[in-house]
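Participant: Could you have a look at this structure, given as structure tokens, before my questions?
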Amino acid sequence: MGRLIHFEIHVDDMDRAKNFYGEVFGWTFEDWSDYAGVPYFGAVTGDANELGINGALMKRQSASPEPGQAMNGYSCTMGVEDYDSIEAKILELGGKVALPKHALPGMAWQGYYIDSEGNVFGIHQPDENAK
């Protein structure tokens, strides 16, 4: 079985993207550019003892996605404890709403956003009372 073990987010402005993901989700970054041969920063997304994976920010190698373009790739969703406060940080740091907060009845609150680099990502707050 092929289990997801790493992700890459393609970015135009590495410092802006590190600031966005660092401020919104508390991620930290390690410079792996020498290893990768391109600007590439490992993203530490949480404690190694917690469920989840780490990934990286990678310098985008071609044009950014056009606004409104259909997704061509994977969308990562981050688990959060307080949906509304994370949404506020996303918007404060230049992110935009792609699909507003909505209930996954009996399970969670879910929504999708566009990051500072034009990429779509989701946030998910478990809540069995969501409706």
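The values are calculated or read from the model by the stated rules, or taken from the named source; none is laboratory data. What you are looking at is a predicted structure, and each value in this text was computed from that prediction instead of being measured. Cβ coordinates were reconstructed from backbone atoms using ideal geometry, including for glycine residues, and neighbour counts include every protein chain displayed.
Participant: Say we look at the stretch 53-92 and pick out the residues that are β-branched (V, I, T) and free of Cβ contacts under 8 Å to residues at least 60 places away in the same chain; which of these is nearest to E23 (Cα to Cα)? Walk me through it before giving the result.
Facilitator: As a first pass, look at the stretch 53-92 and keep what is β-branched (V, I, T): 53, 77, 80, 86, 90.
Cutting the leftovers down to free of Cβ contacts under 8 Å to residues at least 60 places away in the same chain gives us 53, 77, 80.
Numbers: I53: 18, T77: 16, V80: 13 Å.
Only one residue fits best here, namely V80.
Participant: Within the stretch 64-91, which residues are closer than 16 Å to H10 by Cα and among the small types (G, A, S)?
Facilitator: Passing the criteria: S64, G73, S75.
Participant: Search the stretch 23-38 for residues being part of a loop (DSSP other than H, G, I, E, B) and at pLDDT 95 or above, and hand back the single one that is farthest from the chain's Cα centre (by Cα).
Facilitator: First pass over the stretch 23-38, keeping only residues part of a loop (DSSP other than H, G, I, E, B): 26-27, 32, 37-38.
Remaining after also requiring at pLDDT 95 or above: 26-27, 32.
On the way: G26: 11, W27: 10, W32: 19 Å.
Of everything passing the filter in the stretch 23-38, W32 is farthest from the chain's Cα centre (by Cα).
Participant: May I pose another question? Restricting the first residue to the stretch 17-38 and requiring it to be at positive phi, which pairs with a second residue that is part of a helix (DSSP H, G or I) and not polar (S, T, N, Q) meet a Cβ separation below 8 Å and a spacing of at least six or different chains?
Facilitator: Final answer for the pair search is none.
Participant: In this structure, is N54 out of contact with any Asp or Glu (no Cβ under 9 Å at 6 or more places or on another chain), at pLDDT below 90, closer than 20 Å to I123 by Cα and polar (S, T, N, Q)? Working first, answer last.
Facilitator: On the way: out of contact with any Asp or Glu (no Cβ under 9 Å at 6 or more places or on another chain): yes; at pLDDT below 90: no; closer than 20 Å to I123 by Cα: yes; polar (S, T, N, Q): yes.
When the stated conditions are applied, N54 does not pass them.
Participant: Scanning the stretch 46-67 for residues that are in contact with a strand residue (DSSP E or B) (Cβ under 7 Å, 6 or more places away or on another chain) and aliphatic (A, V, I, L, M), which turns out farthest from S33 (Cα to Cα)?
Facilitator: I53
Participant: Suppose the filter is on the phi > 0 side of the Ramachandran plot, assigned to a loop (DSSP other than H, G, I, E, B), under 16 Å from the mean Cα position of the chain (by Cα) and loosely packed, with under 15 Cβ neighbours inside 10 Å; does G52 pass it?
Facilitator: Values: on the phi > 0 side of the Ramachandran plot: yes; assigned to a loop (DSSP other than H, G, I, E, B): yes; under 16 Å from the mean Cα position of the chain (by Cα): yes; loosely packed, with under 15 Cβ neighbours inside 10 Å: yes.
Yes.
Participant: Does the stretch 78-88 include one or more residues that are part of a loop (DSSP other than H, G, I, E, B), modelled with pLDDT under 95, farther than 19 Å from L4 by Cβ and over 13 Å from the mean Cα position of the chain (by Cα)?
Facilitator: Residues of the stretch 78-88 that are part of a loop (DSSP other than H, G, I, E, B), as a first pass: 80-82.
Remaining after also requiring modelled with pLDDT under 95: none.
Looking for residues that are part of a loop (DSSP other than H, G, I, E, B), modelled with pLDDT under 95, farther than 19 Å from L4 by Cβ and over 13 Å from the mean Cα position of the chain (by Cα), one finds none in the stretch 78-88, hence no.
Participant: State all residues of the stretch 96-111 that are out of contact with any Lys or Arg (no Cβ under 8 Å at 6 or more places or on another chain) and either free of Cβ contacts under 8 Å to residues at least 12 places away in the same chain or part of a loop (DSSP other than H, G, I, E, B) (or both); if no residue qualifies, say none.
Facilitator: Residues of the stretch 96-111 out of contact with any Lys or Arg (no Cβ under 8 Å at 6 or more places or on another chain): 96-102, 104, 107-108.
The answer is P100, H102, M107.
Participant: Continuing with the same structure: Output the residues belonging to the stretch 57-77 that are within 17 Å of the chain's Cα centre (by Cα) and either at pLDDT 90 or above or under 29 Å from A108 (Cβ atoms) (or both).
Facilitator: First, pick out the residues of the stretch 57-77 that are within 17 Å of the chain's Cα centre (by Cα): 57-60, 64-65, 71-77.
Matches in the stretch 57-77: L57, M58, K59, R60, P65, M71, N72, G73, Y74, S75, C76, T77.
Participant: Could you please let me know if E117 is surrounded by fewer than 17 Cβ atoms within 10 Å (Cβ to Cβ) and in a loop (DSSP other than H, G, I, E, B)?
Facilitator: So E117 fails the test.
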